[in-house]
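Taking it in order: structure first as structure tokens, then the write-up.
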């Protein structure tokens with residue numbers, strides 16, 4: 001009787017081959033072998049189905065053009081624009097060129113009654129669409145990603161410096177960003193950074209905040225904003241500075257007393273973190289302190305839902321004097337939860353604003369006429385959300401945009417992944 005073959009003893013074999021030989025899988029036809037975990041096929045959805053869902057979301061969007069000048073369908077213009085922005089297009093001309101280069105493929109998924117629109121058609125049409133309706137339609141398309149919103153929702157503003165023209169001020173956009181889901185939730189155009197206070201409440205009312213913690217810098221530390229968040233069944237973690245002089249003084253006094261007592265009071269908590277491998281060899285350490293709101297604090301009753309207060313001290317490199325910041329929170333005293341909220345707020349700077357400047361070169365964009373600047377800004381943020389939530393390939397946003405510009409199959413995978421979450 002011939003000896004039993006042991007193929008794993010051959011020099012070219014490996015442990016995986018041994019495992020397959022023992023299980024008998026090695027003798028099965030390739031078509032019947034089990035796919036490894038990394039190669040299992042994910043559920044697929046056609047691009048036609050994805051675009052159909054997008055068309056349904058834009059069904060009620062008002063076309064700003066007069067009837068006699070509508071040579072191209074509104075949905076065709078919008079779809080080409082968002083696909084082109086994902087695929088590394090930054091200007092109206094870029095969008096037109098990308099559309100012309102991919103016209104054969106676009107013709108299989110869109111009607112295109114008169115071919116690809118010109119750059120002027122893209123500019124005139126998108127610049128005249130109502131920004132709020134434009135956002136609402138896309139957010140409806142992303143409804144699956146917005147379900148069960150949790151974690152930190154960071155609110156912050158960004159100036160589009162390239163939009164300054166003549167004596168006009170540059171556009172200033174205030175955005176809401178879900179840091180855990182890398183998801184853009186909405187934006188509002190404001191007349192300069194000084195007017196962020198008036199734009200934040202309407203922006204908050206657009207959002208579903210139940211279960212989320214809203215973080216805003218010191219400019220957003222306002223009683224009306226705190227009340228709006230609580231009314232929406234969310235929580236807040238608001239930075240406090242000199243614009244709330246009485247509150248800032250009260251917080252400083254509370255923590256000065258706690259430090260003198262070596263944080264031995266009831267409910268007082270401490271937490272520390274350190275990062276040794278920062279860029280340029282910089283070392284950073286942070287110390288967080290929190291406590292329930294003292295009964296003696298003068299401004300306690302002025303802030304709806306206020307439950308705890310916090311102090312964060314940041315030390316960089318070998319600095320002996322750290323940067324001290326104070327916060328008020330509507331959630332029960334929990335120093336680690338407070339520390340996570342403070343650090344997560346920077347997600348809007350690192351994951352959104354930095355990407356806008358470096359990858360999308362937003363500060364170089366001079367689009368500002370009508371609603372053009374605001375709507376194109378929204379397309380960039382939407383593209384960032386889509387690319388950050390794509391799991392088909394692990395790569396940078398810049399690399400994914402370049403690949404999407406060359407590879408239509410990859411672009412389809414990116415778009416289809418949105419529908420799979422709805």
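The values are calculated or read from the model by the stated rules, or taken from the named source; none is laboratory data. The model shown is predicted, which means the values in this text are computed figures rather than measured ones. Quick reminder, even Gly has a Cβ in these numbers, built from the backbone with ideal geometry, and neighbours come from all protein chains shown.
Quick rundown of the values:
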{"quantity": "Residue check for residue 79: touching a residue at least 40 places away in the same chain (Cβ under 8 Å) and assigned by TED's automatic domain parsing to the domain that holds residue 381", "calculated": "no"}
{"quantity": "Single unsatisfied condition, residue 313 versus (1) in a helix (DSSP H, G or I); (2) closer than 25 Å to residue 283 by Cβ", "calculated": "(1)"}
{"quantity": "Scope region 339-365; condition surrounded by fewer than 22 Cβ atoms within 10 Å (Cβ to Cβ) and assigned to a loop (DSSP other than H, G, I, E, B); matching residues", "calculated": "346, 359, 361, 365"}
{"quantity": "Failed item in (1) over 17 Å from residue 214 (Cβ atoms); (2) outside the structural domain of residue 88 (by TED's automatic domain parsing); (3) in contact (Cβ under 8 Å) with a residue 40 or more places away in the chain, with residue 327 passing the rest", "calculated": "(1)"}
{"quantity": "Wholly enclosed helices (runs of 4 or more DSSP H) of region 39-139 bearing at least 1 residues at pLDDT 90 or above and under 25 Å from residue 397 (Cβ atoms)", "calculated": "74-86, 92-101, 103-109, 119-128"}
{"quantity": "Test result for residue 146, surrounded by fewer than 16 Cβ atoms within 10 Å (Cβ to Cβ) and at pLDDT below 90", "calculated": "no"}
{"quantity": "Residues that are at pLDDT 90 or above, touching a strand residue (DSSP E or B) at 6+ places or on another chain (Cβ under 9 Å) and farther than 20 Å from residue 99 by Cβ, drawn from region 371-422", "calculated": "377, 381, 384, 385, 388"}
{"quantity": "Residue identified as closer than 17 Å to residue 326 by Cα and crowded, with 18+ Cβ neighbours inside 10 Å among 229, 216, 173", "calculated": "216"}
{"quantity": "Matching option when the condition is in contact with a strand residue (DSSP E or B) (Cβ under 8 Å, 6 or more places away or on another chain) and without any contact (Cβ under 8 Å) to a residue 60 or more places away in the chain, among 183, 204, 189", "calculated": "204"}
